[in-house]
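J.: Dropping a structure here in C-alpha cells format, bear with me for questions.
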There are 2 protein chains.
Amino acid sequence: MRAELVAVGTELLLGQIVDTHSAYLSRFLSELGIDVYYHTSVGDNRERLKDVIRTAQSRSDLVLFTGGLGPTEDDLTKEAVADVLGLELIVHPPSVQAMETLFTKRGLEVPPSNYKQALVFPGGTVFSNPNGTAPGVAVTHERTTYILLPGPPVELYPMVENEVRVFLERLRPSNEVLLSHVLRFFGIGESHLVERIAPMIRDQANPTIAPLSKEGEVTVRLTAKAPDHERAWTLIRPVKDTIVDEVGQHLYGVDDDTLEVVVIRALAEKGNTLAVAESCTGGLIARMLTSVPGAGSVFPGGVVTYSDEAKHEWLGVSKEQIETDGAISESVARSMAKGAMDRLDADWGISVTGVAGPDPAEGKPVGLVYLGIAEKGRQTSVHRLSLRGSREKIQIWAAKHALFILLERLKKGETTR
Amino acid sequence: MRAELVAVGTELLLGQIVDTHSAYLSRFLSELGIDVYYHTSVGDNRERLKDVIRTAQSRSDLVLFTGGLGPTEDDLTKEAVADVLGLELIVHPPSVQAMETLFTKRGLEVPPSNYKQALVFPGGTVFSNPNGTAPGVAVTHERTTYILLPGPPVELYPMVENEVRVFLERLRPSNEVLLSHVLRFFGIGESHLVERIAPMIRDQANPTIAPLSKEGEVTVRLTAKAPDHERAWTLIRPVKDTIVDEVGQHLYGVDDDTLEVVVIRALAEKGNTLAVAESCTGGLIARMLTSVPGAGSVFPGGVVTYSDEAKHEWLGVSKEQIETDGAISESVARSMAKGAMDRLDADWGISVTGVAGPDPAEGKPVGLVYLGIAEKGRQTSVHRLSLRGSREKIQIWAAKHALFILLERLKKGETTR
C-alpha cells in the first residue's frame, strides 16, 4: 500500500510551527507495514489544497490529512476533499450530540460555526474525538482511502492510537503482523556500533536492522514480518541475542525506555534513594528524573551549586578545598557526590562539575567534566570525561553519562542493603 | 515570487527525523518577503524525486532543496534536477580543491565517490561549504530558480545565512526590505490578547500583525515592508506603541528574548543574585537559568527538594510546619523561598511547590501551585496558581510564572541596594 501525508495550515508555510505530525504518522504507518512515499504541507487555501489532493489521488492508495478541521472559514480540508471527490457532506448526529454535551458542560451554547465540524462523508467512517469538537473522518473513493484528522496533538494522538490503528489494520491487504523491538544503547557511537555488527546489517532480511543515533544515544530497531506476533518474536530473538553478545555492555533499555526511567526503576527495585549535586549540568539531571511520574519515591532531592558558597552551604565542600583543587576537579566532584548523599541520608549520590562552555573556566578546557558516584558504605568514585560540542550538548552528554554509570553500578548489585 | 521547499531523504518518510529545515527556511524566506506555498518530503528514489521536481517546476518560481548532496549512490538530488532540466553537470575546480585540502588536512585521500560532490550546473551559482564537502548549487532554467543545499544543519545554516541570503536578495523583483519585530507576552492567553487588539488586527495592512501562542507565551510578530530599514521601523513603531498601551503589562521582551534571558539581564543590571527552591518543577527553573551562558554571575544555585527531609536540610523548613500546613501550602512556599535566599545570602529567592500530577497529592488537586518570591529586607510574597494540562505543561507554566513574577518585581525597582 502506497501512502502519503498532507499537513494543512498556513502556519507551517510561515515556519511558525514545525511539522512533527508527519514524522509521528510515518513511524506509526511504518510499524503497520505501510510505506509512506511523500509528505506535503500546504496552506489554508482551497485551490492549492485541491491541487494537492488531486496529485495525491493520482499516486497513492492512502492519504492522511492533519489539520484544517476547525470551525473557522479557514478550515477547509473536509470541504476540499469533498469537492475533489464530488461528494456531498452529511450531518452526523452523534457528533452533533457530543459537541452539544461538551459545550453544555461548560455552560456555553454551541457557536453556529462549530456545526460544520459534525459534517462527514456519506458511506465513510467517523473517529470520535473525546478531546475536542472535530471528529476524524475517512472515506474510500475509487480505490484511494482518505483519512482526515484534527491538528492539535492532544486530539490527534489518542485518535490515531485508539481508532485509526484499528481502521488501518482492517484495511491492510495481508494479515501479516509487523513487530518492532528497539534496543537502546549509551556510551558507544553509531559508527562504532554499526562496525561491530556489520555482518548482520549487511545480511539483514527479516527482521530488518535499523540503527539511529540521537543526543548521545544509539538505538537499533529490529522489525520482523510474520503471520503472528509469536512467530515475529521468534525471528527477532536470535538477532537481538547476537547483538547483545557483541555490544551488550552498552545496552541500557528497550522499546520506550529512557535512561531516567530505567534508573528510577532500578533504584525502586532495590528500595534505594538517590541525591544529586549538579554544577555544569545546572539541574538537568534533576529535571530528567522528575519528568518521570512517581520519581519522588527514589529521588528526595538535588542541588544546583554554581557558586563556591552554594557548594559549601548545601554540600559541605570546604572553601579551602575549592581554593586548592579548583571547583572543577576530581576532589570536589567526590565531595559533592558524598555531600549530597550524606545530607539527605540517601543510598547514592551523583555529582557533576565541569566546563559546559562556551568559555573555558579556571583555565580548564570546555568539555572537561568530572562525575562523582557515591554509594553508602563504599568509596566514592570519580570519572573524568572530555566532551565536545555546544554548551547544550555537553550538558546533555554529561547528565546521561552520570545516569548510565550509576545504572551500571546498580546492575552490578553493589548495594548496601 | 512563489516558492516551495523540497526535503530529500528516506529517513524523513520513515519518521526517523523531523523536518525542521522546512520551518527554518520558511521563516527565512518570509523575512525576505518570499511566499512559500508548499513543503514536500520525498525519499532517496530517483523516479519519485523527478516527479516532485516536475510538479514544482510547473507551479513555482523558486524551489529550494535540502539533502541528497552526499557522496553515496543514494544521494540523488543534483542528478535528478539535472535530468529533469536536461542539463549536463560540470566539474567545479575550486570545489575539488577545497575538498582535497580538507581531506589532506586530516591526512586522508579523497575517496573517489566524493568527487561527484564537486559537480555543478553550467551557468549556475556555487555556494561554498566551509563545514563539509558538498557545495550548495543554484541554477535558473526557464524562469524557475533551483537551489540545492546540503542536509546537515551545521552545513546548511551558515550557507543560508551567508551566501543564499545575498543570492536571494539579488533575485527579488523589488528592492524593498522586510523588517520583523516580535513582541513577547506572558500571563495572557492568545484569544484574550487578540480580543484586546482586535481592531488593529482587523485593519492591519503594513505592518502585518501575526499573533502566535506557544508553551504559555504569546508572541505578536509585526512585519513591515518599506524601501529601507528606517522607513520600515517608522511603520512598526506606532503599531507597537498602541499594542503596548493596551497589553503592555504582559510584555516581557522582544525579538529573540526568552524569560530566562530577560530575568538574568535584569538581575545583572542591578548586581543582584537569585537562589531557587523547587519542588514540583523538579529543577526546571535552574535548568532554564543555566541554559544561558554566564548565568553563574547572578545565579549562585538552587535546590530541588522533593522530600520533607530535603526541605528541612537544605532550606531550614521545619518538619512541624510541613506536618501542620502540608508541603504544598502557602506557608511552606514562603519558607522555601526565604530559606534559599538566606542560605546563599542572595538578594532574591523564588520557590515552587505544588501538584504537577498525574495524581493528586496531600489531597490537593493536580495543578495547584504556590510560588514564593523572597526579597532581602522585605516580606516574602506567595502567589497561588490553578493550572491545567499535563504534568509537563504544569511544570513549564509554573516555572515561567515564577520567572515572570520575579521580573515584574525587578522592573518595579524594588531593590535592596
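What follows is calculated from the coordinates using simple rules that are stated; it is not laboratory data. On a predicted model such as this, the values are computed, not experimentally measured, just so you know. Note that each Cβ is placed from the backbone with ideal geometry, even for glycine, and that neighbours are counted across all protein chains shown.
J.: Based on the inverse mean of 1/r over its pairs of different Cα atoms, what is the Kirkwood hydrodynamic radius of segment A:127-199, in Å? Write out the running numbers ahead of the final one.
T.: Working: mean 1/r = 0.0633 Å⁻¹.
So the Kirkwood estimate lands at 15.8 Å.
J.: Taking only Cα atoms, what is the 0 to 90° angle, nearest 10, from helix A:229-247's long axis to the longest principal axis of chain A?
T.: Its long axis makes an angle of about 30 degrees.
J.: Right, another one. Pop the C-beta distance of B:Asp74 and B:Arg378 into the FRET formula with R0 = 56 Å and round what comes out to the nearest 0.05.
T.: 0.30
J.: Would you mind checking the tilt of helix A:21-31 against the longest principal axis of the Cα atoms of chain A, expressed as 0 to 90 degrees and rounded to 10?
T.: Relative to chain A, helix A:21-31 is tipped by roughly 90 degrees.
J.: Right, something else. Taking only C-alpha pairs under 8 Å that are 6+ residues apart, what is the relative contact order of chain A in percent? Present the calculation step by step, with values, prior to reporting the outcome.
T.: Working: 760 pairs, mean separation 39.7, N = 417.
After rounding, I find 10 percent.
J.: How big is the antiparallel share of DSSP beta bridges in chain B, given as a percent to the nearest 5? Don't jump to the answer; show the numbers that get you there.
T.: On the way: 44 of 70 bridges.
Among the beta bridges of chain B, antiparallel pairing accounts for roughly 65 percent.
J.: Mind sorting B:Phe103, A:Phe404 by how few other Cβ atoms lie within 10 Å of their own Cβ, fewest first? Don't jump to the answer; show the numbers that get you there.
T.: Values: B:Phe103 15, A:Phe404 21.
Ascending number of Cβ neighbours within 10 Å: B:Phe103, A:Phe404.
J.: Antiparallel versus total DSSP beta bridges in the protein assembly as shown: what percent is that, nearest 5?
T.: For the protein assembly as shown, the DSSP antiparallel bridge percentage is about 65.
J.: As I understand it, the dipole of segment B:259-411 uses +1 on the Cβ of Lys and Arg and -1 on the Cβ of Asp and Glu, about the Cα centre. Which of B:Gly316, B:Ala266, B:Ala295 lies farthest toward its positive end?
T.: Positive-most Cα among the choices belongs to B:Ala266.
J.: Starting from the alpha-carbon convex hull of segment B:177-254, give the projected area averaged over all orientations, in nm². Show your work: numbers first, answer last.
T.: Working: hull surface 18.6 nm².
Reported value for the Cα convex hull: 4.7 nm².
J.: Seen from all sides and averaged, what is the projected area of the convex hull of the Cα atoms in chain A, in nm²? Please report the intermediate quantities before stating the final value.
T.: On the way: hull surface 102.4 nm².
Value for chain A: 25.6 nm².
J.: In terms of modelled amide H atoms, which long-range or inter-chain residues lie less than 5 Å from the amide H of A:Val304?
T.: HN-HN under 5 Å from A:Val304: A:Glu278, B:Gly302, B:Val303, B:Val304.
J.: Using Cα pairs closer than 8 Å and at least 6 residues apart in sequence, work out the relative contact order for segment B:177-254, in percent. Intermediate results must be reported in sequence, preceding the final value.
T.: Values: 121 pairs, mean separation 34.6, N = 78.
Computed over segment B:177-254, the figure is 44 percent.
J.: Can I ask one more? Which pairs break 25 Å Cα to Cα here: A:Lys338/A:Lys400; A:Lys270/A:Lys400; B:Lys50/B:Lys105? Don't skip to the answer; put the middle values down first.
T.: On the way: A:Lys338/A:Lys400 19 Å; A:Lys270/A:Lys400 21 Å; B:Lys50/B:Lys105 37 Å.
The answer is B:Lys50/B:Lys105.
J.: Measure out, as a whole number of angstrom, how far apart the alpha-carbon centroids of segment A:1-78 and segment B:108-138 sit.
T.: Computed from Cα coordinates, the inter-centre distance equals 33 Å.
J.: Please list, in order along segment B:37-52, the HN-Hα scalar couplings obtained from phi with the Karplus expression 6.51 cos²θ - 1.76 cosθ + 1.60 (θ = phi - 60°), rounded to whole Hz, x for Gly and Pro.
T.: 9, 8, 10, 10, 10, 9, x, 7, 9, 4, 5, 5, 5, 5, 4, 5
J.: Which distances, shortest first and in nm, link B:Glu230 to the matching position in the other copies, using label points set 7 Å out along Cα to C-beta?
T.: Relative to the other copies, B:Glu230 has label-point distances of 8.3 nm.
J.: Within 10 Å of each residue's Cβ, count the other Cβ atoms and sort A:Asp203, A:Asp255, A:Asp75 from fewest upward. Working shown, then result.
T.: Values: A:Asp203 8, A:Asp255 11, A:Asp75 21.
Starting with the residue having the fewest Cβ neighbours, the order is A:Asp203, A:Asp255, A:Asp75.
J.: So which lysines can B:Lys225 reach, going by Cα to Cα under 17 Å and dropping same-chain residues fewer than 8 places off?
T.: B:Lys240
J.: Just to be sure I understand the model, the point goes 7 Å from the Cα along the line to the Cβ. What's the resulting B:Phe167 to A:Thr20 distance in nm?
T.: Computed distance between label sites B:Phe167 and A:Thr20 equals 3.1 nm.
J.: Now for a separate question. Could you work out how far helix B:259-270 tilts from the main Cα principal axis of chain B, as a 0 to 90 degree angle to the nearest 10?
T.: The angle comes out at about 60 degrees.
J.: Sticking with this structure for a sec: Quick one: check the C-alpha center-to-center distance for segment A:261-299 versus segment A:193-223, whole angstrom.
T.: Between the Cα centre of segment A:261-299 and that of segment A:193-223, the gap is 30 Å.
J.: Would you mind estimating how fast segment A:259-411 diffuses translationally, via Stokes-Einstein at 25 °C and 0.890 mPa s with the Kirkwood radius over Cα pairs, in µm²/s? List each step's numbers first, then the result.
T.: Working: Rh = 15.0 Å.
Reported coefficient: 164 µm²/s.
J.: Follow-up question, since we're still on this one. Once Rh is set to the Kirkwood radius over Cα pairs, what Stokes-Einstein translational diffusion coefficient, in µm²/s, holds for segment B:2-171 at a temperature of 20 °C and a viscosity of 1.002 mPa s?
T.: Once the numbers are plugged in, D ends up at 133 µm²/s.
J.: Next question, about the same structure. Just to confirm a number: summing +1 for Lys and Arg and -1 for Asp and Glu over residues other than B:Leu259 whose beta-carbon lies under 9 angstrom from that of B:Leu259, what do you get?
T.: Values: positive: B:Arg184, B:Lys400; negative: B:Glu217, B:Asp257, B:Glu260.
Net local charge, B:Leu259 excluded: -1.
J.: Sorted from fewest to most neighbouring beta carbons within 10 Å, what does the list B:Ser58, B:Ser329 look like? Kindly include the intermediate steps, with their values, before the conclusion.
T.: Working: B:Ser58 8, B:Ser329 20.
Arranged by neighbour count, lowest to highest, B:Ser58, B:Ser329 become B:Ser58, B:Ser329.
J.: Given axes a ≥ b ≥ c from the Cα gyration tensor, I'd like to know whether the protein assembly as shown is rounded (a/c under 1.5), prolate (a/b larger than b/c) or oblate. It would help to have the intermediate numbers written out before the result.
T.: Details: a/c = 1.44, a/b = 1.31, b/c = 1.11.
Verdict is rounded for the protein assembly as shown.
J.: What number, in percent, do you get for the relative contact order of segment A:259-411 if the mean sequence gap of Cα pairs under 8 Å and at least 6 apart is divided by its residue count? Present the calculation step by step, with values, prior to reporting the outcome.
T.: On the way: 321 pairs, mean separation 37.4, N = 153.
Result for segment A:259-411 is 24 percent.
J.: Also, I was wondering about something else. A:Glu323 to B:Glu230: FRET efficiency via 1/(1 + (r/R0)^6), r the Cβ-Cβ distance, R0 60 Å, to the nearest 0.05? Walk me through the numbers before you get to the answer.
T.: Values: r = 54 Å, r/R0 = 0.90.
Efficiency, rounded to the nearest 0.05: 0.65.
J.: Out of A:Ile53, A:Gly136, A:Ala398, whose Cα points farthest toward the positive end of the dipole of chain A (charges: +1 Lys, Arg; -1 Asp, Glu; placed on Cβ)?
T.: A:Ala398
J.: Now, a different point. What is the dipole size for segment B:2-171, taken about its Cα centre, with +1 at each Lys and Arg Cβ and -1 at each Asp and Glu Cβ, in debye to the nearest 20? Present the calculation step by step, with values, prior to reporting the outcome.
T.: Working: 14 positive and 22 negative charges, 47 e Å.
In debye, rounded to 20, segment B:2-171 gives about 220.
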